[in-house]
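Asks: What follows is a structure written as structure tokens; I'll ask about it next.
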Amino acid sequence: MHIQIETSSIEKLAVNAAAVICFETEEKTAEANAVAPSRNIDPDIANQGGWLAEVRASGEFSGKLYEISVFYRPQGVAAKRLVVIGGGKRNKFSDVEARRIGGALVRNLKTKGAKSIALLLEGTDVVDHAEAALEGAILGAWEPDALKTDPKKNENQVEQFTVVVPDATGHSLEKLAQRAEAIAESQNVTRTLANQPANVLNPAALAAAAKAVAQEANLEYEALDHNAMKQLGMGALLGVAQGSSNEPYLMVMKYRPAVSLGGSHLALVGKGVTFDTGGISIKPSEGMEKMRYDMAGGAAVIGAMRAIGQLKPPIPVTAYIPAVENMLNGNAQRPGDIVTSLSGKTIEVLNTDAEGRLILADAITYAIRNGATHIVDAATLTGAIGVALGQYNVGAFTNNQHFLDRVLNASKRAGEKMWQLPMDDEYKEYLKSSFADLPNIGGRFAGSITAAWFLREFAEPTPWVHLDIAATAWLDDPKAWLAKGPTGVGVRTFVQLAQDWAPAVTR
Ligand code: BES
Ligand code: ZN
Ligand code: ZN
């Protein structure tokens, strides 16, 4: 899809669909219903001889978020259709709604065969809203059907999406569109990876995908294979991998800016379990097919590195993606096995299904040994995070409040909801082993926090943030603005964090 930003008048654009946002109004008077949705469009054109007032009065359209009403052969507009989309409450409208409106327009209008769409935006923050709407359009166009053979699937594609911002003259709009494209396309790369079935995307295939992205985005790339990891002593990661005939890899992608600000070195670490059966502590079969997205954290890191390579933020960023398949052949790890991690700490594997933390432990140690000053990991780590927060907030954990505040700030700017959970010392008491330095599971309480505490034992004393995306990386029911399947959560926050990095960052 081609995206662009225009400052011209929307009436003149010869597109298949010209869209304007209409907000909810409390007033039920004829005048209120007839008010033009935007001061940048002629009220007579927007109302089309009373059309808008009529659909409002009939209750067919009330301005509720993402509601859509389409008017054909409009007068005074070059477009084939005039579309009114609900913006909800005007004072609650933010870039989150703008992003979703972009997505909802594409998803709705592509089923009507509209190939080109223009959306009029105005008001304060119009520049942020424009970028968000463009991102939303690209995200909304994505479908999880790459492996369907039906040739019709390419017929209903929106080819062009234009945001019209008459108020935004003087801004460097082209840069804005480029940023939107880099981020949203990268998020779609993440979603495509996370959606691949595990017979197609095993650790070697994930490594090949990371390598291809590195080449495309001008990043350095290397991968440690089984032998290299054995030499180093990554016993925690290799213990998980030993039950699969697919070899594990630890992928490293490096972005280096021409000039670095300060001495920071950001590491992004992403869980790359290409399939999680649970191992000998096997999962129930119902819903197990979804465990192909257990590499969504790794995919988010790969997608973020693609955008980072294109947008060139001022700090060095290195990605570490440990990739394994958690299977159960005759050589599989058993409950009770004790492994020695790269850090030297021994781990009693009480549950082979708590495998993510085992591979992340070695990846985090490796990141620190390779110069990371700040670490953020993203992982589909625990089912418990969905119990605690539902599917709307990523769970966030840290050993350094100042650093987490920066990550949360980036997530707000990026429109990805995150919520901090506590990491008081008391919770560490749940992680006690009689036979090794630590067990890989806590008791029945606070499963997401004990998982985070496990990782923290390997991150100390480096400032570290852990993002548990188990409940947010997959959408079970499609939304008006987004298809069912992988969401690509994490990509936008990672990119924002790197772009906002200030030289004054200290521990
Ligand atoms: N990959 C799962 C977590 C998960 C669950 C991701 C649901 C996405 C959706 C992880 O490896 C796991 O199995 N965690 C266990 C930990 C337990 C054994 C302490 C869990 O959450 O049940
Ligand atoms: Zn598991
Ligand atoms: Zn897992």
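The values are calculated or read from the model by the stated rules, or taken from the named source; none is laboratory data. As the structure is a prediction and not an experimental result, all values here were calculated from the model. Virtual Cβ from ideal backbone geometry, glycine too; neighbours counted across all protein chains shown. Keep in mind that these areas ignore ligands, DNA and RNA; they rest on the heavy atoms of the full protein, side chains included. Shrake-Rupley method; radii C 1.70, N 1.55, O 1.52, S 1.80 Å.
Asks: Check cross-link reach from Lys230 to the lysines: straight Cα distance under 16 Å, and skip same-chain residues fewer than eight apart.
Replies: Lys345
Asks: Summarise the accessible area of the range 113-165 (1.4 Å probe, protein heavy atoms) by the percent that is carbon and sulfur.
Replies: Whole-percent figure for carbon plus sulfur exposure: 47.
Asks: Once amide H atoms are built 1.01 Å from N in the peptide plane, which residues 5 or more positions from Ile375, or in another chain, come under 5 Å H to H?
Replies: Amide H to amide H, under 5 Å and 5 or more residues apart or across chains, Ile375 pairs with Ala267, Trp464, Val465.
Asks: Relative contact order for the chain: what percent, with Cα pairs under 8 Å and sequence separation of 6 or more?
Replies: 15
Asks: Quick check on the chain: what does the Kirkwood estimate of hydrodynamic radius come out to from the alpha carbon pairs, in Å?
Replies: Result for the chain, one decimal place: 23.8 Å.
Asks: Further question: Just to confirm my numbers, what's the Cα centroid distance between the range 242-270 and the range 67-107 in Å?
Replies: That distance is 41 Å.
Asks: Need the C-alpha centroid separation for the range 472-489 versus the range 337-386, integer Å.
Replies: Using only Cα atoms to place each centre, the spacing works out to 27 Å.
Asks: Can I ask one more? Percent antiparallel among DSSP beta bridges with both residues in the chain, to the nearest 5?
Replies: Beta bridges within the chain, antiparallel portion: roughly 40 percent.
Asks: Percent relative contact order of the range 1-135, based on C-alpha pairs within less than 8 angstrom and at least six residues apart?
Replies: Once normalised by length, the contact order is 32 percent.
Asks: Would you work out which of Thr318, Gln4, Leu408 lies farthest towards the positive end of the dipole of the chain, given +1 charges on the beta-carbon of Lys and Arg and -1 on that of Asp and Glu, about the Cα centre?
Replies: Projecting each Cα onto the dipole axis, the largest value belongs to Gln4.
Asks: Rounded, prolate or oblate: which fits the range 51-186, taking a ≥ b ≥ c as square roots of the Cα gyration tensor eigenvalues, rounded meaning a/c under 1.5, else prolate when a/b beats b/c? It would help to have the intermediate numbers written out before the result.
Replies: Numbers: a/c = 1.61, a/b = 1.08, b/c = 1.50.
Oblate is the answer for the range 51-186, as a/c is 1.5 or above yet b/c matches or exceeds a/b.
Asks: If you don't mind, there's one more thing I want to ask. Mind putting a number on the dipole of the range 255-337 about its Cα centre? Charges go on the C-beta only, +1 for Lys and Arg and -1 for Asp and Glu, and I need it in Debye to the nearest 20.
Replies: I would put it at about 360 debye.
Asks: If you don't mind, another one. If amide hydrogens are placed 1.01 Å from N in the peptide plane, which non-local residues have theirs closer than 5 Å to the one on Arg81?
Replies: Here the answer is Ala17, Ala18, since their amide H atoms fall under 5 Å of that of Arg81.
Asks: What is the sum of charges around Val252, taking Lys and Arg as +1, Asp and Glu as -1, for the other residues whose C-beta is under 9 Å from the C-beta of Val252? Intermediate values should be presented prior to the final figure.
Replies: Values: positive: Lys254; negative: Glu220, Glu222.
That sum, taken over residues with Cβ under 9 Å, equals -1.
Asks: Give the aspartates and glutamates reachable from Lys175 as a straight Cα distance under 18 Å; neighbours fewer than 8 places away on the same chain don't count.
Replies: Glu6, Asp95, Asp125, Asp128, Glu131, Glu135, Asp167, Glu185, Asp500
Asks: I'd like the Karplus ³J(HN,Hα) series for the range 47-55: coefficients 6.51, -1.76, 1.60, θ = phi - 60°, whole numbers in Hz, and an x wherever there's a Gly or Pro.
Replies: The phi angles translate into 7, 6, x, x, 4, 5, 4, 5, 5 Hz.
Asks: Could you report the accessible area of Tyr221 in Å², rounded to 10, computed with a 1.4 Å probe on the protein chains as they sit in the structure?
Replies: Estimated to the nearest 10 Å², Tyr221 gives 60 Å².
Asks: Using the crude model of +1 on Lys and Arg Cβ and -1 on Asp and Glu Cβ, and no other charge, please compute the dipole size for the chain relative to its Cα centre, in debye to 20.
Replies: Roughly 440 debye, rounded to the nearest 20.
Asks: Keeping all protein chains in place, calculate the accessible area per residue for the chain (probe 1.4 angstrom), answer in Å².
Replies: Per-residue value: 40 Å².
Asks: Along each of its three principal axes, how wide is the spread of alpha-carbon positions in the range 118-205, in whole angstrom units, largest first?
Replies: That works out to 50, 30, 17 Å along the principal axes.
Asks: Report the net charge of residues surrounding Leu455, where surrounding means a beta-carbon distance below 15 angstrom and charges are Lys +1, Arg +1, Asp -1, Glu -1.
Replies: Numbers: positive: Lys271, Lys345, Arg357, Lys428, Arg456; negative: Glu355, Asp362, Asp377, Asp437, Glu457, Glu460, Asp468.
Neighbour charge sum, excluding Leu455 itself: -2.
Asks: Can I ask one more? What is the sum of charges around Ser69, taking Lys and Arg as +1, Asp and Glu as -1, for the other residues whose C-beta is under 14 Å from the C-beta of Ser69?
Replies: Within the 14 Å Cβ shell, the charges total 0.
Asks: Can I ask one more? What helices does the chain have that are whole DSSP H segments, at least 30 Å long along their own axis by Cα, and with mean Kyte-Doolittle hydropathy of -0.5 or more?
Replies: Once both thresholds are applied, what remains is 173-195.
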